[in-house]
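Read the structure below first, then the notes.
All of the numbers you see were taken from the coordinates with simple rules; none came from a lab. What you see is a predicted model; the values in this text were computed from it and never measured. Neighbour counts are summed over all protein chains in view; Cβ atoms, including those assigned to glycine, are modelled from backbone coordinates with ideal geometry.
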Amino acid sequence: MQNPHPIILVGPQGAGKSTIAKHLEDHFDSCMILRSFSDRPRRKNGGPETVICISPGAWMDRFRLDKFIAVTERNDHHYGIPKVVIEAILYGLEMHPVIVLDPHGAREVRSHFPRSTIIHIMPPSEEILRYRLRGRGSSPESIEHAVAEFHGWEADGYLDYTLVNDVIPTAPEDLEQLKRYLNL
C-alpha cells in the first residue's frame, strides 16, 4: 500500500466509534485497530474494545517512560496511544492504523502524522445515545457528560469527515461513501 496514514475516529462516548473501528478492521484489509492503553476497567457489556485495560500503576510507568504519542484523561481515567505500535502499523505493516480518540488526542496524533484523517462519529439522536450508554452500564454522570458532548460538538476545522452512526453494519451506502473518501 502506498502512503498509509492514521484514521482517527472522534465523537462523544456512545457514538459507536469502537463499532465502526471494528467494522473497518473486519472489512478492509488495509485497516488495523490501534488499541490505546488505559487505566479504566473493561466494559461490562463485552462490546468491541479498542482499549487495552491495564492497572493505573502500569499505565503511569509507560507514561513516565514516554511510551505514548498522545495522552488524554476522560472520566477520571487515562488513555495513551503507544508510539512504537503506531509506527509498526504504518511503516512495518504498511496499513492504516484506526484509532479511537478524543479531540485533544486526535490533534496530538495529527501533529506527528499530518496526513491523518479525522472522522467525526455521531449518534443519530440524544435518545439513542442514552440508550446505548445505559446498555453498556454507564453511570448517570457519565451519560450526562456524553449528552453534553453530543450537544457541544463543534467542527472547528480539524474534522475531515462526519458520519452519523445509526446502524452502520447495515448501511452499505454510508460505508461505500466512507470507503471512497478514505481511498481504501
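The table below lists the values:
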| read-out | value |
| --- | --- |
| Whole-Hz couplings from phi, Karplus 6.51/-1.76/1.60, listed for region 20-37; x for Gly and Pro | 5, 4, 5, 5, 4, 5, 6, 10, 10, 4, 8, 10, 9, 5, 9, 7, 7, 9 |
| Fewest-first ranking of ASP160, ASP102, ASP66, using other Cβ atoms within 10 Å as the exposure measure | ASP66, ASP160, ASP102 |
| Under-5 Å amide H pairs with LEU9, H placed in peptide plane, nonlocal only | ILE99, VAL100, LEU101, ILE119 |
| Tail beyond 17 Å, pair distance distribution of region 43-131 (Cα, percent) | 59 percent |
| Per-selection Kirkwood Rh - region 1-84 (Cα, Å, 1 d.p.) | 14.0 Å |
| ILE20, ILE89, ILE52 arranged by Cβ crowding within 10 Å, fewest neighbours leading | ILE52, ILE89, ILE20 |
| Ranked MET95, MET60, criterion: other C-beta atoms within 10 Å, fewest first | MET60, MET95 |
| Prolate/oblate/rounded call for the chain, Cα gyration tensor, a/c under 1.5 rounded | oblate |
| Number of Lys pairs (Cα under 18 Å; 8 or more positions apart or on different chains) in the chain | 5 |
